[in-house]
Every structure is written in structure tokens, then in C-alpha cells.
There are 2 protein chains.
Amino acid sequence: MPDIAATGIGAPDAPIYVYTRSNQARFLRELIAFVRIPSVSAQPQHAGDVRKCAVWLAEHLRRIGMQGVAVEPTPRHPIVYAEWRRAPGRPTVLIYGHYDVQPADPLAEWRTPPFEPVVRGENLYGRGASDDKGQLFAHVKALEAYLHANRALPVNVVCLFEGEEEIGSPNLASFLARNRRFFAADVAVLSDTRFLAPGQPAITYALRGSLALELELRGQRQDVHSGSFGGALHNPAQALCEIVAQLHDTNGRIAIPGFYDRIRRLSMEERASLTSSGPSDKQILRDAQAEHRWGEHGYTLYERTTIRPALTVNGITSGYQGPGGKAIIPARATAKISFRLVPDQEPSEIEQLFRTHIARNTPPTMRAMIRAHLRAKPAVINVRHPAIHAATVAYRQGFGVAALFLRSGGSIPVVNTFQEILGIPTVLMGFALPDDRMHAPNEKFHLPQFYQGITTCIWFLHEVGTDGRISAKRNGDASCRSVRYADDY
Amino acid sequence: MPDIAATGIGAPDAPIYVYTRSNQARFLRELIAFVRIPSVSAQPQHAGDVRKCAVWLAEHLRRIGMQGVAVEPTPRHPIVYAEWRRAPGRPTVLIYGHYDVQPADPLAEWRTPPFEPVVRGENLYGRGASDDKGQLFAHVKALEAYLHANRALPVNVVCLFEGEEEIGSPNLASFLARNRRFFAADVAVLSDTRFLAPGQPAITYALRGSLALELELRGQRQDVHSGSFGGALHNPAQALCEIVAQLHDTNGRIAIPGFYDRIRRLSMEERASLTSSGPSDKQILRDAQAEHRWGEHGYTLYERTTIRPALTVNGITSGYQGPGGKAIIPARATAKISFRLVPDQEPSEIEQLFRTHIARNTPPTMRAMIRAHLRAKPAVINVRHPAIHAATVAYRQGFGVAALFLRSGGSIPVVNTFQEILGIPTVLMGFALPDDRMHAPNEKFHLPQFYQGITTCIWFLHEVGTDGRISAKRNGDASCRSVRYADDY
């Protein structure tokens with residue numbers, strides 16, 4: 001077997017870098033075309049755009065030389081599949097990313113339209129520029145560079161690019177379970193996380209779980225005149241406020257009985273280590289563009305956003321939404337409420353505690369309904385896995401700096417899905433910066449992060465390909481579990 | 001002076017009734033055309049429709065024989081003016097109505113589109129059918145019937161049809177003050193109130209005042225990812241809930257210090273009389289299509305909605321409003337809050353109490369902003385005024401039943417405006433039914449109320465014209481105040 005791919009990436013003038021450098025302008029143009037497609041998975045009116053984006057990405061993968069490219073349907077948005085399996089004896093890397101994006105509203109707060117990407121200074125602005133199109137595209141461009149400059153990859157690769165990540169991947173697990181054999185791999189890699197700060201790469205090794213719910217209260221059958229009836233009926237908007245106001249106590253703790261029962265306590269030593277490696281309160285407030293800290297007493301902001309759970313009202317709606325006033329008592333009120341969970345909280349158990357709590361606290365004047373949108377377990381990744389080592393080497397080559405290990409407050413449900421269904425760990429090797437405004441107006445991606453990210457992805461594949469400790473049982477061996485590295489939170 | 005107009009309305013086969021009966025179908029077609037124009041004054045996108053509606057109404061008034069017809073501009077929506085002044089020595093009646101309508105949302109709850117009026121059974125469905133186009137139009141058709149069948153009106157008439165009633169009449173008072181001489185009259189009549197029940201007409205003699213505000217809370221500069229920052233920042237949606245939840249105490253009373261201080265107490269006797277004449281709790285719940293009563297302890301629902309003030313959240317908005325979820329901490333949250341006030345509460349004083357209360361209760365993590373949309377004083381009309389007697393006679397002729405005297409929970413700011421600027425009382429002679437769903441989806445107007453309302457309007461003008469107690473000083477005497485009947489709450 002010729003080992004073309006694993007060689008020739010050490011020297012700065014190796015053909016692969018000549019290729020990436022000389023094609024940088026085109027890579028940017030392609031990324032702009034990718035971001036321009038409004039693939040908002042949550043909004044039904046964008047379903048056609050999500051599909052268009054999948055087709056665009058599939059065609060792109062075909063053009064760079066990937067094989068078996070397919071747009072696989074699911075009950076909602078398709079999965080883009082691609083593979084390259086010409087490195088027998090080498091490990092298989094599953095590259096995961098998502099081509100769907102968050103809704104763009106509030107639109108009025110964007111300096112330029114979210115789906116008309118523009119470069120200002122060193123940044124590309126647009127919805128999805130950072131989350132996750134730009135980061136996903138760094139992997140695609142690394143594959144292209146290998147396939148064009150070296151004519152081969154240093155490992156076997158399976159690409160799985162999802163169109164439902166921002167709505168909680170409702171169809172991913174069943175799709176993977178049905179098509180397990182196509183996704184047999186030794187390790188998954190995913191770039192959808194952040195640096196600690198500009199110039200300081202970070203490998204995320206712990207994620208909070210998530211439980212997203214919708215609570216609706218209904219009062220009288222329909223909106224009625226607030227002049228005629230104001231004072232005689234309980235108002236669902238007011239009743240919802242009364243319930244939401246009681247979800248936290250005065251110490252910033254979540255006031256749902258039993259909510260904290262299963263949380264593993266960290267030792268003083270673990271907490272001290274966290275504090276020394278993580279961002280300061282000041283840094284977190286700066287990243288959030290906020291002036292005031294808030295939350296559970298007795299913890300730093302880094303702890304509050306990583307090792308402690310949270311309850312957030314993501315949206316609330318009731319009654320008249322237009323300009324001026326409207327004299328009504330609304331008939332209903334809705335709050336979108338999401339939890340972030342930590343080991344060993346179980347989303348389904350927390351949902352039950354919430355349901356019980358709401359049932360107990362809903363006044364007799366109201367009917368309450370609860371819908372669940374998303375349930376994802378918290379995850380912790382073993383930092384001693386050799387693929388994590390490969391990522392640290394790759395970051396050093398791409399950015400010239402050793403990566404730190406970070407906990408993230410966010411949730412990436414796919415990490416659990418890969419562990420549970422494919423039996424493999426996931427390396428979270430992100431390129432976003434803390435001020436990239438993921439999920440917010442004026443989202444951007446720092447272009448040097450994109451270009452250095454491509455180099456990092458090149459090195460990651462190289463390191464996995466040459467690290468003998470990473471098993472290569474993929475060709476024919478279905479017992480993925482045998483290469484599992486246990487989580488050791 | 002020939003007295004044609006004051007004669008010939010006593011017999012069922014008088015020409016005026018032959019005219020109204022034989023033109024009923026056309027009257028309905030015209031009302032449908034009127035309701036079809038989406039004259040939503042609160043929504044800027046309908047500004048053109050509001051103007052179109054004013055022009056339609058003005059042309060209609062010209063066609064039926066009214067004089068001096070004009071569409072008078074104001075800073076926002078125009079006023080439609082018309083007059084007929086050929087009854088020297090007779091009193092002048094100011095007919096007021098409003099051709100603007102409430103916003104139609106939530107659209108999904110309409111059985112048929114709000115601006116495609118349809119007749120189902122004996123009802124005309126459409127936004128504004130009852131409030132106030134149908135009721136206003138009963139007066140217009142009464143004028144038409146006199147002018148066509150009798151060739152004259154029994155009184156002098158000035159019509160003032162407003163396009164800003166549903167946004168609090170922001171330009172009416174200054175317009176009237178500037179054009180006082182055109183509106184000199186002895187009494188105003190307005191049909192924008194309800195029967196007690198089908199078959200039971202009611203003259204509204206007391207109205208609550210209104211104060212509509214918008215409270216906005218702002219936290220961090222913009223929406224941020226709730227995974228990254230959930231637990232570390234105070235959420236404006238949650239902070240708003242915390243503030244709104246504390247606006248009432250557990251006895252259903254408004255918890256703003258000083259709020260109740262100026263309220264006049266009614267005697268036990270007055271309250272007993274109210275209870276005997278007003279609707280029962282059961283009736284009010286049925287009208288609201290509600291199952292549960294709520295509110296200030298110690299008062300009936302009729303009292304809670306008429307002689308006691310109320311605070312209603314008309315709308316609340318924060319964060320993500322679309323389908324599914326969105327993982328953000330919103331940057332801001334807004335509540336539209338309105339008060340209903342009773343004598344002697346002053347809207348501007350209550351606004352100041354609210355501002356002080358919010359300033360004291362806003363946590364240091366938030367900035368609060370308050371905007372006022374509308375301030376209207378409570379009003380009480382002297383039921384011994386002879387024009388009120390004219391209305392009772394008119395109702396008996398139109399509906400065959402004696403009218404009751406009712407308090408209303410709503411606000412009609414123009415009643416105070418007419419008293420203060422023109423020095424005249426207003427007769428609230430409404431034709432709506434309690435289940436007409438004013439301000440709500442599927443608003444309707446009961447067509448027999450329309451037709452019998454026309455007869456009632458005919459008789460009202462006749463009675464005012466023949467009651468010698470109603471002064472007729474309009475022609476040349478500017479001292480309106482001399483005919484003032486004091487409010488005697």
C-alpha cells in the first residue's frame with residue numbers, strides 16, 4: 001500500500017500547503033455561497049432551503065473527490081453522506097458537522113442581512129458562518145487539499161453532515177441505528193466549539209445536556225375585551241409570569257423539588273483546576289456583552305455555565321404583539337423553557353419533575369400543557385483517548401499553541417449518540433471564537449480561524465492515521481464496543 | 001318653519017319605515033362594504049386602508065344628503081365631518097362614532113377572514129362589524145331615512161367620525177379645541193356599548209378610565225447562546241415575569257403603593273342597587289366564555305369590572321417566537337400593560353405610581369423603560385339629563401323594552417373630551433350584544449340589532465328635537481358651558 005497521504009505535510013512548502021494557500025480566495029467564495037443558503041431547520045418555510053443546502057454540499061463533496069456521496073432523506077431534513085475508504089489498515093474517522101442554521105431573528109438587529117454574507121475586516125458575517133458551516137467547511141477543504149495535492153487521505157473517512165442539529169437531531173439516532181454499518185469508525189471529529197480566547201485553542205471535553213420544553217397556559221376560550229372583563233378573569237399572561245417567577249429561588253437556584261438530587265459533586269481540587277484553566281467571570285461577561293453576573297450563589301460564572309445546570313426562558317409570547325396597544329385579555333400564554341443539565345441528570349427524569357412541579361403550581365383558573373422539543377444527555381469525553389492527543393498535535397501545528405481542555409455550557413447531543421450507537425468517542429476540535437455570536441444577530445467567523453483550521457484538520461487526519469494506538473477494526477469488525485474508551489467524568 | 005321632520009314617525013306605516021324596511025337588503029350590502037375595508041388604526045401597514053375607509057364614509061354621507069362633508073387630516077388618521085343645520089331653533093346633536101377597528105390577530109382563530117365579512121344566520125361576521133362600524137352605520141341610515149322619506153331632520157346634526165378611537169384618540173382633543181365652533185352642540189350621542197343581554201337594552205352611564213403602558217426590560221446587549229451563558233446572566237424574560245408576578249397580591253389586588261388611595265367608596269345602598277341591575281357573575285363568565293372567576297376579594301364580577309380598577313397584561317413578548325426551540329437568552333422582554341381606572345383615579349398620577357414602583361422593583365441586572373400609549377379619565381354621565389330620557393323613549397320604540405342603566409368596564413375617552421372641550425354630555429346608546437366578541441376573533445353584529453337600532457336612532461333624534469328642555473343655543477351662542485349638566489357620580 002503506497003503511503004502517499006501520510007507524508008509530505010511536515011514542510012511549510014509541501015504541495016498540500018501550496019494548494020491551500022493558492023486556493024484561499026476560492027475557499028472563501030465557496031464558504032460565502034454555502035452561508036448564503038438560508039438552511040434554517042426550525043422554520044417550515046425554509047424546508048426547501050435546507051434541502052437545497054444539502055444538495056449543494058453533496059455536489060461539493062463529489063467535486064472534491066469524495067465517494068459514495070448521497071443526500072439521504074429523513075422524516076424532516078436530509079443527511080449528507082460521503083466516504084473515502086482507500087486506506088486499508090488505517091483507522092476510520094467519522095467527520096460530523098451540521099449544515100443547518102439557527103433562525104435569524106431578530107432581523108432588525110443585523111447590521112447586514114443574515115443570508116447575504118459579507119466580509120468586514122478579517123470576519124465573514126452571516127447566519128451559520130461560524131455555527132457550523134465555516135467550521136464544517138474547514139474539514140471539507142482539508143479533505144480537498146489531501147485529495148488534490150496528495151491524491152489520497154491518510155485515513156479512511158466517513159462524512160456525516162446533518163440538517164437537523166439546531167432542532168435537536170430528532171432523526172439522527174434512528175438513522176444511525178438503521179445504517180450502523182455505513183458509519184463504523186474508530187473516532188468521530190466535530191468542529192462546533194470555541195477557543196478559550198483568540199490565539200488560545202481549546203478541546204471541549206464536557207458538555208451540558210439539554211431539555212427544551214414549551215409550557216402553554218390557557219384561560220378563557222378566546223381573547224376578550226380587557227375593558228369589559230379586566231378584573232374578573234385570571235390572565236394567562238399573568239399566570240405564566242407567576243409560574244415562571246417561581247422557577248428560581250432568591251439564591252438563583254432552580255426551585256423544582258428534586259432537581260439537584262442526582263448531580264455529581266466535584267472535589268475542591270477538581271473545582272480549583274477548573275478555575276485555573278477556565279475563563280474568568282470578567283471574560284465571560286465580556287464574551288456575553290453583559291454588565292452584570294447572576295445565578296447560583298457559591299459558584300464562579302464558568303462553573304455556573306459548565307458544572308452546574310441552568311434553566312433559561314428562551315422565548316415568551318402572549319396576546320398582542322404589534323405596535324401600540326390592544327385592549328384584550330389574551331386567551332393563552334406560552335413560554336419556551338430550556339434546561340442545561342450536568343452529570344448525572346437524566347433529561348426524561350427532569351422533564352417528569354418539571355411536569356409534576358407545573359401540575360402542582362398551576363392555579364385552578366388555568367389549564368397547562370407541556371410539549372418537549374429536545375432531550376439530550378450531558379456528556380464527558382475521556383481526555384486520555386489517543387485521538388484527543390492527535391487533536392492537540394493538530395492545534396499546535398495549525399495555531400502554534402498548545403490547546404487547553406475546556407468544559408462547555410452547551411449541548412452536542414450527537415456526542416452521546418455516537419457513543420451509544422457507534423461505540424466511539426468524539427473529538428470536539430472547534431475553531432469558533434468566543435465573540436462569534438453563535439445563535440445571535442451578526443454571527444461571524446474569523447477568517448484566519450478558517451484558514452488555520454484547515455491546516456489543523458489536515459494534521460488531525462495525519463496524526464490519527466499514524467497513531468498505532470487508534471484501532472483500525474472498521475473493515476469487517478462490527479464490535480465497535482471493543483474500542484470504547486469509557487467516560488471518566 | 002315647516003315641521004316635516006318631527007311628524008310622521010309614530011305610525012308603523014309612516015313613509016320613514018316604508019323606506020327603511022324596503023331598503024334593508026341594500027343597507028346590509030353597504031355595511032358589508034364598510035366592514036370590508038381593513039381600517040386598523042394601530043398598524044402602520046393599514047394607514048392607507050384607514051384613509052380609504054374615511055373617504056368611503058365621506059362619500060356615503062354626501063350621497064345620503066349630508067352637507068359640508070369633509071375628510072379632515074390629523075397628524076395620523078383623518079376625521080370625517082358632516083353636518084345638516086336646517087332646523088333653526090331646534091337643538092344640535094353631535095353624532096360621534098369611529099370607523100377604525102382593532103387589529104385582527106390572532107388570525108388563525110377566525111372562522112372566516114376578518115375583512116371578508118359574511119352573514120351566518122342572523123349575524124354579520126367581520127372585524128369592526130359591531131365595534132363600531134355597524135353601530136355607527138345605524139345612525140347614518142337613520143339620517144338617510146329622514147332625509148329621503150321626510151326631506152329633513154328633526155334636529156340640527158353634526159357628524160364626527162373618528163379614525164383613531166382604537167389607538168386612544170391621540171389627536172381628537174386638539175382637533176376639537178382648534179375647531180370648537182364647528183362642533184357646537186347640545187348633546188353628543190355615541191353607539192359603541194352593549195345591551196345587558198339579548199332583548200335588554202342598556203344605557204351606559206359610567207365608564208372606567210384607561211392607562212396603557214409598555215414596560216421593556218433590557219439585559220445584556222444582545223441575544224446570546226443559552227448553552228454558553230445559561231446560569232450566568234439574568235434573563236430579561238424571567239426578570240419581567242418576576243416583576244409582573246408581583247403586580248398583584250394574593251387577594252387579587254394591585255400591589256402598587258398608593259394605587260387605591262383616591263378611589264371613591266360607594267355606599268352599601270349604591271352597591272346593592274348595582275347588584276340588582278347588573279349582570280350576575282354567571283352571566284359575565286358566560287359572556288367571556290370563561291369557566292373561572294378571579295380578582296379582587298369582596299366584590300362581585302360586575303363590581304370588579306365597573307366600580308373597581310384592574311390591571312391587565314395585554315401582551316408579552318421576549319426572545320424566540322417561532323416554531324420549535326431556539327437556544328438563546330433574549331436581550332430584552334416587553335409587556336403591554338393596561339389599567340382600567342375608576343373615579344377619582346387620575347391616569348397621569350397612576351402612571352407616576354407605576355413608574356416609581358417599577359424603578360424600585362427592577363433588579364440591578366436590568367434596565368427598565370416605560371412608554372405610555374394612552375391615558376383616559378374615568379367618566380360618569382348624569383342619568384337625569386333630558387337627552388338620556390330621549391334615549392329611553394327611543395329604545396322603547398326600537399326594541400319594545402325599557403332600557404336599564406349600566407356601568408361599563410371599558411373606556412370611551414371621548415366622553416370626557418366632549419365634556420371638557422365642548423361642555424356637553426354624551427348619551428351612550430349602544431346596540432352591541434354581550435357575545436359580539438368586540439376586540440376578539442370572530443367579532444359579529446346581530447343584524448336585528450342593526451335594523452332595530454336604526455329605528456332607535458330615528459326616535460332619538462325625534463325626541464331630542466321635540467323635548468323643549470334641551471337647549472338650542474347653538475346658533476351664535478358660544479358659551480357651551482351654560483348648558484352643562486354636571487356629572488353627579
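The values are calculated or read from the model by the stated rules, or taken from the named source; none is laboratory data. All of these numbers come straight from a predicted model, not from anything done at the bench. Note: ideal-geometry Cβ built from the backbone for every residue, glycine included; neighbour counts use all protein chains shown.
Just wondering, is there one or more residues in the stretch B:341-349 that are touching a Phe, Trp or Tyr at 6+ places or on another chain (Cβ under 7 Å), in the same structural domain as B:GLN222 (by TED's automatic domain parsing) and at pLDDT 95 or above?
no
Which of the residues belonging to the stretch B:325-342 are more than 11 Å from A:GLY315 (Cα to Cα), facing chain A (nearest Cβ under 8 Å) and hydrophobic (A, V, I, L, M, F, W, C)? Passing the criteria: only B:ALA335.
Does B:PRO78 count as touching a helix residue (DSSP H, G or I) at 6+ places or on another chain (Cβ under 9 Å) and closer than 24 Å to B:PRO170 by Cβ?
Yes; evaluated as a whole, the condition is true for this residue.
Condition check for B:ASN251 on (1) closer than 22 Å to A:ALA335 by Cβ; (2) more than 7 Å from chain A (Cβ to nearest Cβ); (3) more than 26 Å from the chain's Cα centre (by Cα): one failure, at (1). Remark: A:GLY322 matches the filter, which requires a residue to be farther than 26 Å from A:GLY252 by Cβ and within 14 Å of chain B (Cβ to nearest Cβ).
A count restricted to the stretch B:253-276 and to residues that are in contact with a Leu (Cβ under 8 Å, 6 or more places away or on another chain) and either farther than 27 Å from B:ILE337 by Cα or surrounded by 12 or more Cβ atoms within 10 Å (Cβ to Cβ) (or both) stands at 7.
Under 30 Å from A:THR300 (Cα atoms), within 13 Å of chain A (Cβ to nearest Cβ) and in contact with a helix residue (DSSP H, G or I) (Cβ under 6 Å, 6 or more places away or on another chain): is that true of B:ALA245 in this structure? Yes. Number of residues in the stretch A:91-135 that are farther than 24 Å from A:GLY168 by Cα and among the charged types (D, E, K, R) equals 5.
Within the stretch B:441-455, restricting attention to residues that are surrounded by 23 or more Cβ atoms within 10 Å (Cβ to Cβ) and either within 16 Å of the chain's Cα centre (by Cα) or without any contact (Cβ under 8 Å) to a residue 60 or more places away in the chain (or both), which residue is farthest from B:ASP105 (Cα to Cα)? That would be B:PHE445. Comparison of A:PRO38, A:PRO44, A:PRO15 shows that the only residue that is out of contact with any Pro (no Cβ under 6 Å at 6 or more places or on another chain), surrounded by fewer than 17 Cβ atoms within 10 Å (Cβ to Cβ), in contact (Cβ under 8 Å) with a residue 40 or more places away in the chain and over 20 Å from A:GLU122 (Cβ atoms) is A:PRO15.
Being crowded, with 20+ Cβ neighbours inside 10 Å, among the small types (Gly, Ala, Ser) and either modelled with pLDDT of 90 or more or not assigned by TED's automatic domain parsing to the domain that holds A:LEU147 (or both) is a property that A:ALA402 lacks. Those strands (runs of 3 or more DSSP E) of the stretch A:113-220 in which 3 or more residues are buried (at least 23 other Cβ atoms within 10 Å of the Cβ) occupy A:156-162, A:187-190, A:202-207, A:209-218.
In the stretch A:335-387, of all residues being of a type in the set (Asp, Glu) and under 21 Å from the mean Cα position of the chain (by Cα), the one that is surrounded by the most Cβ atoms within 10 Å (Cβ to Cβ) corresponds to A:GLU346.
Looking at A:GLY423, is it more than 14 Å from chain B (Cβ to nearest Cβ), in contact (Cβ under 8 Å) with a residue 24 or more places away in the chain and out of contact with any strand residue (DSSP E or B) (no Cβ under 9 Å at 6 or more places or on another chain)?
yes
Any residue in the stretch A:205-224 that is modelled with pLDDT of 95 or more, within 8 Å of chain B (Cβ to nearest Cβ), closer than 30 Å to B:LEU196 by Cα and touching a Gly at 6+ places or on another chain (Cβ under 8 Å)? Looking through the stretch A:205-224, none of the residues is modelled with pLDDT of 95 or more, within 8 Å of chain B (Cβ to nearest Cβ), closer than 30 Å to B:LEU196 by Cα and touching a Gly at 6+ places or on another chain (Cβ under 8 Å).
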